[in-house]
1. So for Asp101, Asp155, what's the accessible-area order with a 1.4 Å probe, most first?
2. Using a basic spin-label model with each label point 7 Å from the Cα along Cα→Cβ, how many nm lie between Ser124 and Asn149?
3. Give me the one-decimal nm value for the distance between modelled label points at Cys18 and Ile134, 7 Å along each residue's Cα-to-Cβ direction.
4. With a 1.4 Å probe and all protein chains left in place, how much accessible area per residue does the chain have, in Å²?
5. Relative contact order (percent) for the chain, with alpha-carbon contacts under 8 angstrom and 6 or more residues of separation?
6. Rounded to the nearest 20 Debye, what is the dipole magnitude of region 53-104 about its Cα centre when Lys and Arg each give +1 and Asp and Glu each give -1 at the C-beta?
7. Tally up the carbon and sulfur contribution to the accessible surface of the chain as a whole percent, 1.4 Å probe, everything protein left in place.
8. Just to verify a number: what accessible area does Glu9 come out at with the full protein assembly present, 1.4 Å probe, Å² rounded to tens?
Amino acid sequence: MEEAFSKTEFRNAMARVCAPVNVITTNGPAGRGGFTATAMCSVTDEPPTLLVCMNSRSAQTALFLENHRFCVNVLSHDHRELAGKFAGATADMEARYASADWVAMPSGTDALADAIVSFDCELSEARLVGSHHIFIGRIAGIRSRPDGNALLYFDRNYVHVPTQIGSFGG
């Protein structure tokens, strides 16, 4: 099937979708790694599972696949600089980690100490789709805090909503 739109049009349209900013970490036999991602969502609660997308051209892809575990850290608006570092502004992985406080999760992954929520995941499936790997993680543990406003990404910029603005009833 031939698309009626260009790759650029698709990317520009996706930039208009607001998403929470997350730092995805791993630590295990293959080493320590981490990247910033907005492509994360729940899959099911039977068993509790989520997914994360990672560019397959990343030098860290093999690290995540070999460690077979990862942690999704949902960032607050206070973490804008950290998000930039894990997005590649800081190349050295140890320097990225040195810029924040971390707590070890039961699986051995690193959770951001002041993340809004951290999901400790065991990699249950990885699938390559186009340019990205989809990592499906079974949630093995959760850390959360009761406060904080999420850092969001919209229109290729970080934004934050300072207070709750309502519910759609879900």
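The values are calculated or read from the model by the stated rules, or taken from the named source; none is laboratory data. All values reported here derive from a predicted model rather than from experimental measurement. Here the Cβ positions follow ideal geometry from the backbone for every residue, glycine too, while neighbour counts run over all protein chains shown. What goes into the accessible areas is simple: the full protein's heavy atoms, side chains included, and nothing from ligands, DNA or RNA. Shrake-Rupley method; radii C 1.70, N 1.55, O 1.52, S 1.80 Å.
1. Order by accessible area, largest first: Asp101, Asp155.
2. 3.5 nm
3. 2.6 nm
4. Working: 9780 Å² over 170 residues.
On a per-residue basis, the chain sits at 58 Å².
5. Details: 346 pairs, mean separation 44.2, N = 170.
Contact order relative to length: 26 percent.
6. Computed about the Cα centre, the dipole is about 200 debye.
7. Values: 5200 of 9780 Å².
Roughly 53 percent of what the probe reaches on the chain is carbon or sulfur.
8. 100 Å²
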